[in-house]
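One structure is given here, and the rest of the page talks about it.
The values are calculated or read from the model by the stated rules, or taken from the named source; none is laboratory data. These numbers were taken from a predicted model, which means no experiment stands behind them. Because the Cβ atoms are built from the backbone with ideal geometry, glycine has one as well, and the counts that use them run over all protein chains shown.
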Amino acid sequence: MKFDKFTIEPRKMTMTSEGFLTGDAYVTRAGVFNYGNRKELRAPEEVFHIDSLESMKLVPITLEHPAGAVTPDNIRALAVGYLGDNIRVDDDRVVASYRITDPEAIRQIQLKKRIELSMGYNDQDVMEPGAYKGDQYDLKQTQIRYNHCAIVTKGRAGSSVRFIMDADDNNNQEVVMAGRVKLDSISYEVPEEVEAAFSKMDSALIDANKELKLLETAKKDAATETSKVDALTAERDALKADLVAAKELNSDKVVAEKVDALVALRTSVLSLAPELKCDGLTHRELRVAAIKVVKADFDDAGKSDDYIQATFDYHLAAKIDSAVLNQGKQIIVQPNVKTDTQLTGRELMIARQKGQVK
């Protein structure tokens, strides 16, 4: 909602027999007006448009501008009078009759505490820069619709924008619009110092919002970096665990056990396949190679390690049993040892290793 201020002319203020104040006032005009850092055009075709003038008829008069528009819900508390229905164009200005009916409003006007008027209205701004009678403007006001007329303490134009108290005050001076601020999408015309204060607050708010955005960006960046640090920490911990495991696997005891196991396996393999080259082969590969020496068509594909070991043990035992039966050597029986006819091939091999038989 916007506001503008004009003096009450050309007819001076009079008091009716009932005690009401009445008269005429220049309430608005066409031209270019300053609104803060912008200049806005109130073009004659918009100011004098029949719909705009009709909207001015019988609008309520208030003491100062209310926080928002005057509505049926608040008019009883706000209205101290009203404009009349005698709205007319005078050159580039609009004249309206008025009547003040509230005792307190009448008293303040008579004491000259509040003697200036300000129209409150809504419009549609069109961003259309141009010039009007040599004055540059940034945008154009259209569809101007009035809501109320406020009696105010002070406007930018000073004491000339006021009720006319007697004939000497009827000086017909032109009035300039006051400052304007916008709250909740509604524009209000205010004294120049108020506009300056709001402008300073707006600048501070813009700077604060910029700082907030920077902080939010920094927060997001910090969260991203924290996630990266967490991921790297987890990776480091996993590597430490792998290193510990590797150290355990490479301890002297483990190495000795692995060497013993490998020597035992190679000994068994060579017993089954004396010509087999064992270098570079894993335990499984050693067993498979030995098995294929005695069983060329053996296929280890898809076979588990346990199956391979069992097959190897079977062929090794068979090899030992066959060797013992074919040797036909005399067996020297030690105390508590079975005779040759009582020993299996595996038992005979073990007994030989212990020096119990020859």
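So, in the stretch 36-75, how many residues would count as being among the basic types (Lys, Arg) and free of Cβ contacts under 8 Å to residues at least 40 places away in the same chain? Residues in the stretch 36-75 being among the basic types (Lys, Arg) and free of Cβ contacts under 8 Å to residues at least 40 places away in the same chain: 1 in total. Would you confirm whether any residue within the stretch 138-157 is out of contact with any Pro (no Cβ under 6 Å at 6 or more places or on another chain), assigned to a helix (DSSP H, G or I), at pLDDT below 60 and under 30 Å from residue 20 (Cα atoms)? The answer is no, given that none of the residues of the stretch 138-157 is out of contact with any Pro (no Cβ under 6 Å at 6 or more places or on another chain), assigned to a helix (DSSP H, G or I), at pLDDT below 60 and under 30 Å from residue 20 (Cα atoms). Residues in the stretch 22-52 that are surrounded by fewer than 20 Cβ atoms within 10 Å (Cβ to Cβ) and in a helix (DSSP H, G or I): 44, 45, 46, 50, 51.
A quick yes/no check of all residues on (1) at pLDDT 85 or above; (2) part of a loop (DSSP other than H, G, I, E, B); (3) more than 20 Å from residue 259 (Cα to Cα):
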site: 276; (1), (2), (3): no, yes, no
site: 279; (1), (2), (3): no, yes, no
site: 285; (1), (2), (3): yes, no, no
site: 292; (1), (2), (3): yes, no, yes
site: 297; (1), (2), (3): yes, yes, yes
site: 302; (1), (2), (3): yes, yes, yes
site: 307; (1), (2), (3): yes, no, yes
site: 316; (1), (2), (3): no, no, yes
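Within the stretch 237-274, the set of residues being within 60 Å of the chain's Cα centre (by Cα) and at pLDDT 80 or above comprises 237, 238, 239, 240, 241, 242, 243.
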